[in-house]
1. Pick out which of VAL11, VAL71, VAL129 has the largest mean-square fluctuation in a Gaussian network model of the chain, springs linking Cα atoms closer than 10 Å.
2. Residue farthest toward the positive end of the dipole of segment 144-264, with Cβ of Lys/Arg at +1 and Asp/Glu at -1: which of TYR194, TYR245, PHE152?
3. Just name one of SER34, GLY113, TRP257: the one whose Cα is farthest towards the positive end of the charge dipole of the chain (beta-carbon charges, Lys/Arg +1, Asp/Glu -1).
4. Between segment 48-118 and segment 229-251, how many Å separate their Cα centres?
5. Using a probe of 1.4 angstrom, how much of the accessible area of the chain is carbon and sulfur, in percent?
6. In whole angstrom, note down how far apart the Cα centers of segment 139-176 and segment 194-223 are.
7. Under a point-charge model restricted to the Cβ atoms of Lys and Arg (+1) and Asp and Glu (-1), what is the dipole moment magnitude of segment 1-58 relative to its Cα centre, in debye to the nearest 20?
8. Quick one: dipole size for segment 35-147, taken about the Cα centre, charges +1 on Lys/Arg Cβ and -1 on Asp/Glu Cβ, in debye to the nearest 20.
Amino acid sequence: MIDRTGYELEVDETFEDPKLDDRLWLPNYLPHWSSRSATRARYDVGGGELRLRIDADQPPWNPEKDGWIRVSGLQTGQFSGPVGSRTGQLRFTDGLVVRESVPVEALYTATYGLIEVRLRATADPSNMVALWLIGFEDEPERSGEICICEIFGRDVAPDTARIGMGIHPWADPSLRDDFEQVALDIDAREAHCYAAEWRLGVVRFYVDEQLVKVVEQAPTYPMQSMLTFYEFADGPESVSDDAAYPKIAVVEGYRGWRPIAGPDARPPAFPGG
């Protein structure tokens, strides 16, 4: 079970308000590699739910570099260099150049803590929902990833699911790749809690409070959350009938806890409350 002794709750996002909290979330997905208009999330919020949508008329976020993938995502920070530079978060392929200048914003970019999300995935084989942390990447090597959950619809069945979790180093030479899909006896279409306890030298992964994976390494720098819903396609044609849209992944909550004891204890991310 998750032991919250030694933690203090600093983010408790319940999505009750009908307006997205702009003190915490930016409603785009890596806009510096594309544009804010092409990467703007489609979503509804309020009543205790964030409903990330893929709409029938939604364009791919970056067809030149990432094919026909459509994304609705929120993130808690953004960093990139000027237009024309190669400086930016998550350099996922070669030849990336900043296309649109975005302001540097670090809304929730803590180092160490316990991050939790409660969400309902979809069984649509063309979709995937995920919560992952990426380095703020104000220095190129501060680029590691902690994937808390990555759920492809093709891996969801009524009584079982494979949940991706672990660490990707990207350009961080201090990390090694340690990622797997963990098979669990759950219906991921129902609400479940996925969490990562990120401490000095170790990351522990939990599903519904139960420990399911341990990685004996950890990033040592500020990271931001990426809450994302994808649709994958091989070309411009829709992968589903119009009646299937909007496709929706439902997020019921997101929480962040800071460690207040031990060598990785830190001050509040939001001093003064």
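The values are calculated or read from the model by the stated rules, or taken from the named source; none is laboratory data. Keep in mind that what you see is a predicted model, and the values were worked out from it rather than measured. Methodologically, a virtual Cβ is constructed for each residue, glycine included, from the backbone with ideal geometry; neighbour enumeration extends over all protein chains shown. Keep in mind that these areas ignore ligands, DNA and RNA; they rest on the heavy atoms of the full protein, side chains included. Shrake-Rupley method; radii C 1.70, N 1.55, O 1.52, S 1.80 Å.
1. Per the Cα network of the chain with a 10 Å cutoff, VAL11 tops the list.
2. TYR194
3. Farthest towards the positive end: SER34.
4. Here the two parts' Cα centres lie 19 Å apart.
5. Of all accessible area on the chain, carbon and sulfur atoms account for 49 percent.
6. Answer, in whole Å: 11.
7. I would put it at about 400 debye.
8. Details: 13 positive and 16 negative charges, 49 e Å.
The calculated dipole for segment 35-147 is roughly 240 debye.
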